[in-house]
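What follows is a short report on a single structure.
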Amino acid sequence: MYKLVAIDLDGTMLDSYGQVTENTKNVIQKTIEKGTDVIIASGRPIDSIKTIAKEIGSKKYFIAGNGALIYDIQKNEVLYEKYMNKEKVLEIIKICEQNSISYNVYTEETILSNALKYNVLYYYKENLKKQEEKRTHINIVENMYEYIQKMTNEKFLKITICDENKTVFKSILNKLKKVKDIEILEVSHMSRKVIEQGTEEVPIEYYYTEISSKNVDKWDAIEYLISRLNIKKEEVITIGDNVNDKQMIINAGVGIAMGQSTPKLKELADYVTSSNSEEGVAKALKKFINL
């Protein structure tokens, strides 16, 4: 019997509009009722994940910031953490500012950005459909470097870097690779999301990468959790769609890739389900949990 399922959010559990379908919620709840814990393993900050965890009935733990922390829902506290230090965040911001490239800083609970663009625009549009207490916190900051310099007790999960021009994006990646003690997510494909503008559906397309502290990965966080829960990795199912899901898909008892995942991730997975717009998570759970 599988005892734990760890599921990514964007491009995985969430459909193209950033929502969990009613069918997917029902299947997740049936999985939990059958005795298999379901946790979210996402790059999002705490509050953004917390509301979705409640929505699907996941009541024990979740992983945020691509493995930078594990949150204990019942105790309402961080169980495990690997944050970026402030000096490293400022160093990366300086490089981005000097090269006029879009970036966002993720703290435990808020996304800091200097403009509503790319993934932040997607989260903003997603927020418009949600009640105030369920929204992802976004803070638009005019002078990011100065703002973060003045921060005192904030904890930093990661930095995302976005650009629609592949040449510009690759150039900044090469510069960032010279920075010590960070992990840079190797993403070579465009991120494609859909937002609603009035009656029209508008695609948002951009190249992006995520930067975290050294040795931060979703699988490392899962390993810590399964050791704490005294279960084996063979009893774990993981479901994801992107490069930041690679290690958890390789190492779990069953690693499942979404239908729209990159070809490389599909090759590494034990099973490929349907896309996130076709309720691939629900289909995978029905198959492996025997619902």
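Listed values, structure above:
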{"item": "Unit charges on C-beta of K, R, D, E only; dipole of the chain, Debye", "result": "500"}
{"item": "Ellipticity estimate at 222 nm from DSSP helix runs (n ≥ 4, -39,500 (n - 2.57)) divided over the chain, nearest 500", "result": "-9500 deg cm²/dmol"}
{"item": "Zone of residue 194's modelled label, taken as backbone nitrogen in segment 114-129 under 20 Å from a point 7 Å along Cα→Cβ", "result": "118-129"}
{"item": "Sequence-separation-based contact order of segment 40-111, relative, with Cα cut under 8 Å and 6+ spacing, percent", "result": "30"}
{"item": "Residue order, fewest to most beta carbons within 10 Å, for 128, 157", "result": "128, 157"}
{"item": "Extreme residue, positive dipole direction of the chain, given options 204, 272, 53 (C-beta unit charges)", "result": "272"}
{"item": "Amide H within-cut-off set for residue 38, under 5 Å, with H built and near neighbours excluded", "result": "5"}
{"item": "Cα shape, segment 86-213, gyration tensor, a/c 1.5 rule", "result": "oblate"}
{"item": "Debye equation applied to the C-alpha atoms of segment 6-140, log10 I(q)/I(0) at 0.15 Å⁻¹", "result": "-0.77"}
{"item": "GNM top mover of 175, 30, 218 - the chain, alpha-carbon springs below 10 Å", "result": "175"}
{"item": "Positive-end residue of 35, 9, 137, charge dipole of the chain with Cβ unit charges", "result": "35"}
{"item": "Inter-site label distance for residue 33 and residue 201 at 7 Å from Cα along Cβ, in nm", "result": "3.1"}
{"item": "Additional length obtainable on full extension of the chain from residue 116 to residue 287, 0.36 nm per residue less Cα span", "result": "57.6 nm"}
{"item": "Separation of the residue 250 and residue 23 label points, Cα + 7 Å toward Cβ, nm", "result": "3.3"}
{"item": "Segment 64-181, relative contact order [Cα under 8 Å, separation at least 6], %", "result": "31"}
{"item": "Radius ratio Rg over Rh of the chain, counting only Cα atoms, Kirkwood formula for Rh", "result": "0.94"}
{"item": "Folded to 0 to 90 degrees: helix 46-56 orientation relative to the chain principal axis, Cα", "result": "20"}
{"item": "Cα→Cβ-extended label distance, 7 Å offset, between residue 228 and residue 268, nm", "result": "2.4"}
{"item": "Sequence-separation-based contact order of the chain, relative, with Cα cut under 8 Å and 6+ spacing, percent", "result": "22"}
{"item": "Acute angle (nearest 10 degrees) that the helix 118-127 long axis makes with the longest principal axis of the chain, alpha-carbon atoms", "result": "60"}
{"item": "Helix axis angle, 218-229 relative to the chain longest principal axis, alpha carbon, degrees", "result": "40"}
{"item": "Ratio Rg/Rh, restricted to segment 135-286 and using Cα atoms, in which Rh is the Kirkwood radius", "result": "1.00"}
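Read-outs: derived from the displayed coordinates by stated rules, not from any lab. Small disclaimer: the values here were computed from a predicted structure and weren't measured. Heads up, the Cβs are rebuilt from the backbone with ideal geometry, glycines too, and the neighbour counts pull from every protein chain shown.
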